[in-house]
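For reference, the structure is listed below as structure tokens.
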Amino acid sequence: MAERNKKTAVPKPGQQQRRAQEQRNAQAEEACRQLVGLLETLAEEGRLDGQETAAQYLNSTRAYYRRIRNGKVMGPADFTAAADVCASVRRALAALDPSLEFAGLPQADALREALRLGALVIEEMKRIKAGKAG
């Protein structure tokens, strides 16, 4: 009896790149969701009151976040907007606390973790612009 040819699990061309891009987009989406949520919470609590620079960056953040279709990072344009959201939130938070330690805030740990995720998105955007994504 002849042996059947077994298909090997060779990924299709471009499949690995597509998976990497989907993972990158999911990370950017999560970072934006966390950062915007935390910044909006700070605004609702009145922590941005009297902080004109932080309030201006909040408005910029909202504008960048609206560019992301339905809050979903689905392509390069959305990823660019996500990087802009992360950078804008970082600037707003730096205006509140230049050390980014957030001492005394109940959400300090969440803010630091969200900023770490946002920094990854910003770094990935820099790699993409330099042509070294992947």
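The values are calculated or read from the model by the stated rules, or taken from the named source; none is laboratory data. These figures come from a predicted structure and were not determined experimentally. When we count neighbours, we look across all protein chains shown, and the Cβ atoms used for this are built from the backbone with ideal geometry, even at glycine. The area values use the complete protein model at the heavy-atom level, side chains included, leaving out ligands, DNA and RNA. Shrake-Rupley method; radii C 1.70, N 1.55, O 1.52, S 1.80 Å.
Taking the conditions (1) open to solvent by 70 Å² or more (accessible area, probe 1.4 Å); (2) touching a helix residue (DSSP H, G or I) at 6+ places or on another chain (Cβ under 9 Å); (3) charged (D, E, K, R) in turn, Asp78 satisfies each one other than (1). Using the structure shown, decide if Arg66 is crowded, with 16+ Cβ neighbours inside 10 Å, within 30 Å of Arg19 (Cβ to Cβ) and basic (Lys, Arg). For Arg66, the condition - crowded, with 16+ Cβ neighbours inside 10 Å, within 30 Å of Arg19 (Cβ to Cβ) and basic (Lys, Arg) - is not met. If you scan segment 40-58, which residues turn out to be part of a helix (DSSP H, G or I) and open to solvent by 90 Å² or more (accessible area, probe 1.4 Å)? Hits for segment 40-58 are Glu44, Glu52, Gln56. If I filter segment 21-37 for residues that are farther than 16 Å from Glu123 by Cα, among the polar types (S, T, N, Q) and either open to solvent by 30 Å² or more (accessible area, probe 1.4 Å) or assigned to a helix (DSSP H, G or I) (or both), do I get at least one hit? Yes, segment 21-37 has at least one match. When Leu111, Leu93, Leu120 are checked against the criterion of being open to solvent by 90 Å² or more (accessible area, probe 1.4 Å) and in a helix (DSSP H, G or I), a single residue qualifies: Leu120.
Okay, residues lined up against (1) over 11 Å from the mean Cα position of the chain (by Cα); (2) polar (S, T, N, Q):
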{"site": "Ala77", "(1), (2)": "yes, no"}
{"site": "Thr80", "(1), (2)": "no, yes"}
{"site": "Asp84", "(1), (2)": "no, no"}
{"site": "Ala87", "(1), (2)": "no, no"}
{"site": "Pro98", "(1), (2)": "yes, no"}
{"site": "Leu105", "(1), (2)": "yes, no"}
{"site": "Ala108", "(1), (2)": "yes, no"}
{"site": "Arg116", "(1), (2)": "no, no"}
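No other residue among Ala83, Ala92, Ala103 is under 26 Å from Gly131 (Cβ atoms) and not acidic (Asp, Glu) apart from Ala83. Here is the figure for segment 40-74: residues that are in contact with a Lys or Arg (Cβ under 9 Å, 6 or more places away or on another chain) and on the phi > 0 side of the Ramachandran plot total 1.
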